[in-house]
Ligand code: ADP
């Protein structure tokens, strides 16, 4: 009900800011956060920084059928955390802590995917007794073409099935780039179990 109401407000008054919508509904901006997220993800509305929310969708039915198989990876993924192939294992461990992630993707020049390193890969390397400052990540990473990928266009359900089926915590979100007969994959995001948990809570709360 509330989402339909928000949609009507945006349709007649948009572009309109979150605060203005909240005012019209006599609610706090925070109370609207999950509703606005659902409407944005379902592509019924768009959001522009400093402008506000504007109406896109014609199809209210879509809102009723919104679920994990209609929401796309592109609507929910996080920013990718990457290191270069020649980075040391030590640097990768520091990145893991600073960025607060569980999986780091390894890229070559141009942000092309070469591999993935999980926290257990790094733990194993740290226990190996070698000098982690000199050991490059390329030695310990899982490398292409073994990496399981997702794209912004894939459904969240299908990407979640990949995470479970392949027993990994994160998938790189990629865009393919043709180079002659080869296809390379540029890393544009990171899709993890946290994205699924967040979406689950947003859907449940709405
Ligand atoms: P951890 O081993 O720390 O629990 P994962 O379960 O994600 O984390 O990783 C298991 C193994 O799979 C690791 O060796 C890692 O390099 C590799 N890996 C991580 N992500 C992917 C992916 N998207 N595709 C293929 N292999 C991956």
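Taken together, the values in this text are just the output of simple stated rules run on the coordinates, not laboratory data. Just so we're clear, the structure is a prediction, and the values are computed from it rather than from any experiment. All Cβ positions, even for glycine, are placed from backbone atoms using ideal geometry, and neighbour counts span all protein chains on display.
Between 0 and 90 degrees, the angle of helix 193-205 with respect to the longest Cα principal axis of the chain falls at about 10 degrees. By its C-alpha gyration tensor, with a ≥ b ≥ c as the square roots of the eigenvalues, how is the range 23-167 shaped: rounded for a/c under 1.5, else prolate for a/b larger than b/c, else oblate? Prolate.
Shape of the range 101-182 from the C-alpha gyration tensor: oblate (a/c of 1.5 or more and a/b not above b/c, with a ≥ b ≥ c the square roots of its eigenvalues). In a fully extended conformation the segment linking residue 166 and residue 133 would gain 8.8 nm over its present Cα-Cα distance, using 0.36 nm per residue. Under the simplified labelling scheme, the residue 85-residue 123 pair shows an inter-label distance of 2.9 nm, with each label point 7 Å from Cα along Cα→Cβ.
In this label model, residue 183 and residue 204 are separated by 3.6 nm, measuring between points 7 Å along each Cα→Cβ vector. The Cα center of the range 119-133 and the Cα center of the range 15-46 differ in position by 46 Å.
Listing 101, 94 from fewest to most neighbouring C-beta atoms within 10 Å gives 94, 101.
Contact order for the chain, expressed relative to its length and based on alpha carbon pairs under 8 Å spaced 6+ residues apart, stands at 20 percent. One decimal place: the segment residue 20-residue 100 gains 25.4 nm when fully extended, by the rule 0.36 nm per residue minus the C-alpha distance. For the chain, the longest principal axis of the Cα atoms and the long axis of helix 2-13 meet at an angle of about 70 degrees. In the chain, the longest principal axis of the Cα atoms and the axis of helix 89-99 are about 20 degrees apart.
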